[in-house]
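Notes to accompany the following structure.
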Amino acid sequence: MAMLLLVGCRPAKGATEDRGAAAEDGLTFTYHRHSGDGVIDQTLSIRNAYMSSVSPVLAFTALDRHRHPLPGVRVRTVFGSDSGRLEVPYGVGYDILRFSGSGEHQVYDVRVTVTRVTAAKTQADTLPPSAETLDAAGRVVSKFSRFAAVRVTNPEEFAVSVRIAYLVYDQPAEGETQQTVFVIPIGTLVRIPARSMAIVEVTGDAAHAVAKYSGGPAVSVKAYNSEAVDAPAGPVPPAL
């Protein structure tokens with residue numbers, strides 16, 4: 001039977017309130033509202049002090065500029081740290097947050113609650129997996145083009161499991177953060193052997209999305225360490 005380590009379901013405060021929140025549980029978080037030109041907004045940095053890769057299940061409370069909760073705002077993630085799908089390596093990983101509902105443009109911070117954390121089924125890359133978009137002939141092309149496949153490279157000495165997502169962003173008003181409005185999976189969970197690569201074809205809903213949004217100003221293709229949500233996992237080792 002797989003063992004789960006419950007970490008008390010205690011809230012870890014927002015990044016600007018307490019950067020050391022939840023450190024005793026092996027996970028700390030920093031929310032980046034604006035990340036600078038050409039960099040994705042609304043990212044959550046996850047620092048993992050456990051002795052292996054982990055798959056957390058996180059819950060979020062949106063906070064306004066005065067650090068008051070925004071009860072009308074729903075917080076979701078792009079990579080799945082709210083469902084146990086994201087694998088976070090020892091060191092630092094990240095996710096992207098999405099806000100919807102009344103007050104979604106008033107979010108300045110988040111409070112993170114660690115609901116559960118387990119040892120990941122596979123070891124995660126210490127750096128985010130690289131993804132290159134390819135045309136039908138296998139040539140590298142722009143992510144803004146109507147690409148036909150994605151090549152993901154694993155430079156590590158161990159196998160990794162990844163997912164690929166096509167992200168479409170909005171065009172925010174001045175002073176507002178840029179939001180991920182559509183997340184379209186490309187393929188399914190892919191296992192890549194050590195020092196190898198995998199090529200995933202763009203089909204189905206992903207192909208329709210690429211056809212619709214290619215040539216637009218705000219899209220990206222992201223590969224991230226992941227696992228099946230129902231995959232059995234072992235207990236989390238102690239934090240350093």
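The values are calculated or read from the model by the stated rules, or taken from the named source; none is laboratory data. The model shown is predicted, which means the values in this text are computed figures rather than measured ones. Here Cβ is always computed from backbone atoms with ideal geometry, including for glycine, and neighbour counts include all displayed protein chains. Surface areas here come from the heavy atoms of the whole protein model, side chains and all, with no ligands, DNA or RNA. Shrake-Rupley method; radii C 1.70, N 1.55, O 1.52, S 1.80 Å.
Can you pull the percent of segment 55-105's accessible area that's carbon plus sulfur, 1.4 Å probe, other chains left in place?
Working: 970 of 2010 Å².
It is 48 percent, rounded to a whole number.
With θ set to phi - 60°, apply the Karplus curve 6.51 cos²θ - 1.76 cosθ + 1.60 along segment 63-80 and write out the HN-Hα couplings as whole Hz, x wherever there is a Gly or Pro.
10, 8, 5, 9, 6, 9, x, 10, x, x, 9, 9, 10, 10, 10, 8, 9, x
Pick from 187, 26, 175: which residue has the top mean-square fluctuation in a GNM of the chain where Cα pairs under 10 Å get a spring?
Answer for the Gaussian network model of the chain: 175.
Report, ordered by chain and residue number, the aspartates and glutamates lying within cross-link reach of residue 143, taken as a straight Cα distance under 17 Å and ignoring same-chain residues fewer than 8 apart.
Of all the aspartates and glutamates, those that pass the test against residue 143 - Cα under 17 Å, at least 8 places apart if same chain - are 132, 135, 170, 201, 205.
Within segment 137-230, which GluC sites (Glu not before Pro) sit in a loop by DSSP and count at most 11 neighbouring Cβ atoms inside 10 Å?
Working: sites: 156, 157, 174, 176, 201, 227; in loops: 156, 157, 174, 176, 227.
Answer in residue order: 157, 174.
Per residue of segment 172-189, what does 6.51 cos²θ - 1.76 cosθ + 1.60 with θ = phi - 60° give for ³J(HN,Hα)? Whole Hz please, x for Gly and Pro, Karplus curve as stated.
Once rounded to whole Hz, the list reads x, 5, 4, x, 9, 7, 7, 10, 7, 9, 9, 10, 10, x, 10, x, 10, 4.
Going by a ≥ b ≥ c, the root eigenvalues of the Cα gyration tensor, does segment 104-203 fall in the rounded group (a/c under 1.5), the prolate group (a/b larger than b/c) or the oblate group? Display every interim value, and only then the final one.
On the way: a/c = 2.58, a/b = 1.21, b/c = 2.14.
In terms of gyration-tensor shape, oblate.
Restricting to Cα pairs below 8 Å that are 6+ residues apart, what does the relative contact order work out to for the chain? Please round to a whole percent. Write down the numbers at each step before the final one.
On the way: 633 pairs, mean separation 55.7, N = 240.
Relative contact order here is 23 percent.
Per DSSP H run of at least 4 residues, take -39500 (n - 2.57); add these up for the chain, divide by its residues and hand me the 222 nm value, nearest 500 deg cm²/dmol. Intermediate values should be presented prior to the final figure.
Values: 1 runs with 10 residues, N = 240.
Counting only the DSSP helices, I get -1000 deg cm²/dmol.
Cut-off under 20 Å on the C-alpha distance; same-chain residues fewer than 8 positions from residue 121 excluded. Which aspartates and glutamates are left, in chain and number order?
Straight-line reach from residue 121, under 20 Å: 25, 82, 87, 95, 156, 157, 227, 230.
Springs between alpha-carbon atoms under 10 Å, Gaussian network over the chain: tell me which of 139, 151, 76 tops the mean-square fluctuations.
In this elastic network of the chain, the residue with the biggest mean-square fluctuation among 139, 151, 76 is 139.
Starting from the Cα-Cα distance between residue 130 and residue 158, subtract it from 0.36 nm times their residue separation and give me the gain in nm to one decimal.
Details: separation 28, 0.36 × 28 = 10.08 nm, distance 1.55 nm.
Full extension from residue 130 to residue 158 adds 8.5 nm.
For the chain, what is the convex hull (Cα atoms) projected area averaged across all directions, in square nanometres? Write down the numbers at each step before the final one.
Numbers: hull surface 53.4 nm².
Its average projected convex-hull area is 13.4 nm².
Under 5 Å between amide H atoms, partner at least 5 residues away or on a different chain: which partners does residue 109 have, H built in plane at 1.01 Å?
63
Hey, can you find the accessible area per residue of the chain for me, probe 1.4 Å, expressed in square angstrom? Intermediate results must be reported in sequence, preceding the final value.
On the way: 11590 Å² over 240 residues.
Heavy-atom accessible area per residue stands at 48 Å².
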